[in-house]
Amino acid sequence: LFDEPLSNLDAKLRVEMRAEIKELHQRLKTTTVYVTHDQIEAMTMADKIVVMHDGIVEQMGSPLDLYDSPDNVFVAGFIGSPAMNFFEGTLRTNGTCGVETGGGVRLPLAGSPAASDGRPVLYGIRPEHLELADDGIQADVVVVEPTGSETQIVVRAEGREFVAIFRERHAFAPGARIGLRPRRDLAHVFDRSTG
């Protein structure tokens, strides 16, 4: 049983110890319970993750299962760094399927449940699943954070801020206006009242 074993280590030593513990686990082939609030630790070290909230199991599965197919808003917002972006809206299935926000922006979806037109939902999209597009959400760049391998930008649209990540190099500048389009095949929809 490991209970937050890396929490007091500096960043470099944390990465080294994470690899040591994972290598030890793979060599010994024994069940290990590892408690952490750091989702990066959980994602990189686990074979199976149990996400708990207020003592209740929200979802169990492999790291990529939880990342790609979160069961609810809590898991979607907890797994991944930076967290998933959420937009309030109404599901629309007439014509093309999508979520219409209060500002009249239509966010694309690959599909939706039957008889769900008009349902209030939360539309979730991960920062790395936003693409530059002239016909996308028109947003103002607020902050640019280059990390070397990728660039994170904080943007503001419709009175709220959200995050986008790009692996390609772009010359973003604070105050610039850009268009962002969510990838319809990687979008998530959650019931607004139940999550």
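At the residue level, Asp140 shows approximately 60 square angstrom of accessible surface with a 1.4 angstrom probe and all protein chains present. Could you tell me the relative contact order of segment 109-195? Use alpha-carbon pairs under 8 Å, at least six residues apart, and round to a whole percent. Over segment 109-195, the number comes to 43 percent. Using the alpha-carbon atoms, what tilt in degrees (0 to 90, nearest 10) does helix 11-28 show relative to the longest principal axis of the chain? Result, in degrees: 70. Amide H to amide H distances under 5 Å link Arg192 with Val121, Leu122, where only residues 5 or more positions off or on other chains count and H is placed in the peptide plane. Of the listed residues His53, His129, the order by accessible area with a 1.4 Å probe, largest first, is His53, His129. Heavy-atom accessible area for Lys48, with the other protein chains in place and a 1.4 Å probe, reaches approximately 140 Å². Taking all protein chains as they are arranged and a probe of 1.4 Å, the heavy atoms of Thr96 leave approximately 90 Å² accessible to solvent. Considering only Gly159, Gly179, Gly111, the mean-square fluctuation computed in a Gaussian network model of the chain, springs between alpha carbons under 10 angstrom, is largest for Gly159. Solvent-accessible surface of segment 7-85, averaged per residue with a 1.4 angstrom probe and all protein chains in place: 63 square angstrom.
Straight-line cross-link partners of Lys12 among the lysines, defined as a Cα under 17 Å from its Cα and at least 8 positions apart when in the same chain: Lys22. Solvent-accessible area of the chain (1.4 angstrom probe, protein heavy atoms only): carbon and sulfur portion equals 51 percent. The trypsin sites (Lys or Arg not before Pro) found in segment 96-171 that occupy coil by DSSP, while having at most 12 further C-beta atoms within 10 Å, are Arg167, Arg169.
Ratio of Rg to Rh for segment 58-195: 0.97 [Cα atoms; Kirkwood radius as inverse mean 1/r over pairs]. Taking every C-alpha pair closer than 8 Å and separated by at least 6 residues, the mean separation divided by the residue count of the chain gives a relative contact order of 16 percent.
Taking the helices alone, the chain has a mean residue ellipticity at 222 nm of -5500 deg cm²/dmol, built from -39,500 (n - 2.57) per DSSP H run of at least 4 residues and averaged over all its residues. Translational diffusion of segment 1-119 was estimated from the Stokes-Einstein equation, with Rh taken as the Kirkwood radius over Cα pairs; at 20 °C and 1.002 mPa s the coefficient is 126 µm²/s. The candidates Val163, Val15, Val75, arranged from most to least accessible area with a 1.4 Å probe in the full protein assembly, appear as Val15, Val163, Val75. Taking every protein chain into account, the accessible area of segment 149-195 amounts to 58 square angstrom per residue (probe 1.4 Å).
The values are calculated or read from the model by the stated rules, or taken from the named source; none is laboratory data. Just so you know, these numbers come straight off a predicted model, no measurement behind them. Cβ atoms come from the backbone with ideal geometry, glycine included; neighbour counts cover every protein chain shown. Keep in mind that these areas ignore ligands, DNA and RNA; they rest on the heavy atoms of the full protein, side chains included. Shrake-Rupley method; radii C 1.70, N 1.55, O 1.52, S 1.80 Å.
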